Amino acid sequence: MKISFNREIDLKYDVDVFIAGGGPAGAAAAVAAAENGASVFIAESFGAFGGAAVNALVPAFMQFTDGENFVADGIGRRVRDFIRENCPEKMKKYCPDSIPVETLKLCYDNMIESSGAKFAFFTDVIGTVVENGSVKYAVCSTKGSIYAVKAKIFIDCTGDGDMAAMSGAEYKTGDENGSVMAATLCALWTGIDWKRVVRPDSRKLNAAFKDGVFTNEDRHLPGIWPIGDDIGGSNAGHIYNVDGCDGNSLTKGMVEARKQLLEYRRYYRNYLEGYENSEPVISASMLGIRESRRITGGYILNVDDFLNRAVFDDEIGRYCYPIDIHSAQNTKEGYEEYAKSFASLRYKKGESYGIPYRSLTVKGISNMLTAGRCISTDRSMQASVRVMPGCFITGQAAGAAAAQAALTGTACADIDIKRLQRSLKDLGAYLPNAVL
């Protein structure tokens, strides 16, 4: 059974650039667009900017550099430097690779407020109005009201490609069968004696399996990252068959994950040195989703581009994280396939691949861009570019491009690439191959 629901709503904002999602991609996009002269409104579902680092408690950024070059330069460097300068004393030796959550929240607040961008927390995009292949309005829902935002350019930084999908964009999800990488519920722990911690080995995990510690015998255990003198952030335990675009699936996954966290508590305290007094003090308010929609754009960045260290004329950045496809099935074979690809599909120092601007455009929608995990890639490349420094790179490019398109009245696919690259260089972006 279906019902019809209609109502008139207020037009609350009229801006150059509207951004859905305030994770690392959305925050970078907002700052870049505002600093390039655009009026900006950004809608964030949670009560803070930062995405998975803040709301899913993902404990580490992954690499900002390729070992020789600061590939996430520009806004990524601003974030890293703020954390290095402002994180609490007991956390300084672990920063900026590990994430002090409260410091990161302040970093994003300061950056976005200083840029002049308008924003609202606790705000979801629940619909769009599309006419002739162009988005006219985003419909937002927040506590106490539903309202519309009019914009010239829209940027989807939701991670899941929600706004693009509801606007009719083409997309793909997961592997050829639609299966996606497992999700994880991260947590913050205390009581860890880092001086005594040794690298876990599979024998301890196998012993725990034999003793019946785990309901879910998961061989893939990324572990706990040091964040402070006795504080750690866990990226432990996979939850399989979670659809990050379905609320019922996410609900079931969260309940299962919280039960599983208690099993990891038993494992760490009883099987590993240095964790005897460890305690998970808080788990995240959302699952860490590694994979969902990949919006189809003007170019699908693909695994051959990774293998060839690709260079593009419309390059907006370069990145270097390995192809990190966590298994969609909890099997020994699935883990072995992951381990083999993660060990082989990686770069030496100084190596990277280019990211073309075309992968940020949205096929069939003239005034929309994507940034972050949902850009136009194949499955392998999503597994590389999805991490936070990669999101800074695509976010600042989408923001600068949106500002140019809005202020010149140009469709996103038709902007002046050289002008965009100059704007990115002004922001500090790493563009060694741009001929300006």
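The values are calculated or read from the model by the stated rules, or taken from the named source; none is laboratory data. None of these values were measured; they are calculated from a predicted model. Because the Cβ atoms are built from the backbone with ideal geometry, glycine has one as well, and the counts that use them run over all protein chains shown.
Listed here are the residues, each with its yes/no results for (1) within 21 Å of A52 (Cα to Cα); (2) at pLDDT 95 or above; (3) surrounded by fewer than 20 Cβ atoms within 10 Å (Cβ to Cβ).
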position	(1), (2), (3)
E176	no, no, yes
A182	yes, yes, no
C186	yes, yes, no
G191	no, yes, yes
V198	no, no, yes
E217	no, no, yes
G223	yes, no, yes
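Are there any pairs, at least 6 apart or on different chains, whose C-beta atoms fall under 8 Å, with the first in region 195-224 and under 15 Å from G237 (Cα atoms) and the second of a type in the set (K, R) and part of a loop (DSSP other than H, G, I, E, B), and if so, which?
Here the result reads S202/R219; L205/R219, each pair linking region 195-224 to a residue that is of a type in the set (K, R) and part of a loop (DSSP other than H, G, I, E, B).
Tell me, yes or no, whether region 2-24 has at least one residue that is of a type in the set (S, T, Y), assigned to a loop (DSSP other than H, G, I, E, B) and crowded, with 18+ Cβ neighbours inside 10 Å.
Taking region 2-24 as the starting set, the residues that turn out to be of a type in the set (S, T, Y) are 4, 13.
The next check asks that each one be assigned to a loop (DSSP other than H, G, I, E, B); those that pass are 4.
Narrowing further to those that are crowded, with 18+ Cβ neighbours inside 10 Å: none.
No, because not a single residue in region 2-24 is of a type in the set (S, T, Y), assigned to a loop (DSSP other than H, G, I, E, B) and crowded, with 18+ Cβ neighbours inside 10 Å.
Among the candidates G74, G51, G47, which residue alone is under 26 Å from R258 (Cβ atoms), in contact (Cβ under 8 Å) with a residue 60 or more places away in the chain and crowded, with 18+ Cβ neighbours inside 10 Å?
G51
Yes or no: V197 out of contact with any strand residue (DSSP E or B) (no Cβ under 7 Å at 6 or more places or on another chain), of a type in the set (A, V, I, L, M) and either assigned to a loop (DSSP other than H, G, I, E, B) or in the same structural domain as K332 (by TED's automatic domain parsing) (or both)?
Values: out of contact with any strand residue (DSSP E or B) (no Cβ under 7 Å at 6 or more places or on another chain): yes; of a type in the set (A, V, I, L, M): yes; either assigned to a loop (DSSP other than H, G, I, E, B) or in the same structural domain as K332 (by TED's automatic domain parsing) (or both): yes.
Yes.
Determine if region 257-279 includes at least one residue that is closer than 30 Å to Q396 by Cβ, surrounded by 15 or more Cβ atoms within 10 Å (Cβ to Cβ) and in contact (Cβ under 8 Å) with a residue 24 or more places away in the chain.
Going through region 257-279, the residues closer than 30 Å to Q396 by Cβ turn out to be none.
Looking for residues that are closer than 30 Å to Q396 by Cβ, surrounded by 15 or more Cβ atoms within 10 Å (Cβ to Cβ) and in contact (Cβ under 8 Å) with a residue 24 or more places away in the chain, one finds none in region 257-279, hence no.
Give R386, R419, R379 a once-over and let me know the one that is in the same structural domain as Y171 (by TED's automatic domain parsing), of a type in the set (D, E, K, R) and under 18 Å from D156 (Cα atoms).
R386
Test each condition in (1) in contact (Cβ under 8 Å) with a residue 40 or more places away in the chain; (2) within 27 Å of R203 (Cα to Cα); (3) small (G, A, S) for S285 and report the one that comes out false.
(2)
Determine whether region 309-317 contains at least one residue that is without any contact (Cβ under 8 Å) to a residue 60 or more places away in the chain, touching a strand residue (DSSP E or B) at 6+ places or on another chain (Cβ under 6 Å) and assigned to a helix (DSSP H, G or I).
No, every residue in region 309-317 fails to be without any contact (Cβ under 8 Å) to a residue 60 or more places away in the chain, touching a strand residue (DSSP E or B) at 6+ places or on another chain (Cβ under 6 Å) and assigned to a helix (DSSP H, G or I).
So which of A182, A208, A169 ends up being in contact with a His (Cβ under 8 Å, 6 or more places away or on another chain) and among the aliphatic types (A, V, I, L, M)? First the steps, then the outcome.
Numbers: A208 fails: in contact with a His (Cβ under 8 Å, 6 or more places away or on another chain); A169 fails: in contact with a His (Cβ under 8 Å, 6 or more places away or on another chain).
After ruling out the rest, the residue left standing is A182.
Could you please let me know if I83 is outside any loop (DSSP other than H, G, I, E, B) and touching a residue at least 60 places away in the same chain (Cβ under 8 Å)? Can you show your working first?
Numbers: outside any loop (DSSP other than H, G, I, E, B): yes; touching a residue at least 60 places away in the same chain (Cβ under 8 Å): no.
For I83, the condition - outside any loop (DSSP other than H, G, I, E, B) and touching a residue at least 60 places away in the same chain (Cβ under 8 Å) - is not met.
Hey, can you tell me all the residues within region 35-46 that are within 19 Å of T410 (Cβ to Cβ) and small (G, A, S)?
G37, A38, S39
Just checking, how many residues over region 214-256 are of a type in the set (V, I, T) and on the phi > 0 side of the Ramachandran plot?
0
Check region 149-169 and report whether any residue there is surrounded by fewer than 17 Cβ atoms within 10 Å (Cβ to Cβ), touching a residue at least 12 places away in the same chain (Cβ under 8 Å) and assigned by TED's automatic domain parsing to the domain that holds T361.
yes
Given the structure, is G116 of a type outside the set (F, W, Y) and out of contact with any helix residue (DSSP H, G or I) (no Cβ under 6 Å at 6 or more places or on another chain)?
Against the criterion (of a type outside the set (F, W, Y) and out of contact with any helix residue (DSSP H, G or I) (no Cβ under 6 Å at 6 or more places or on another chain)), G116 does not qualify.
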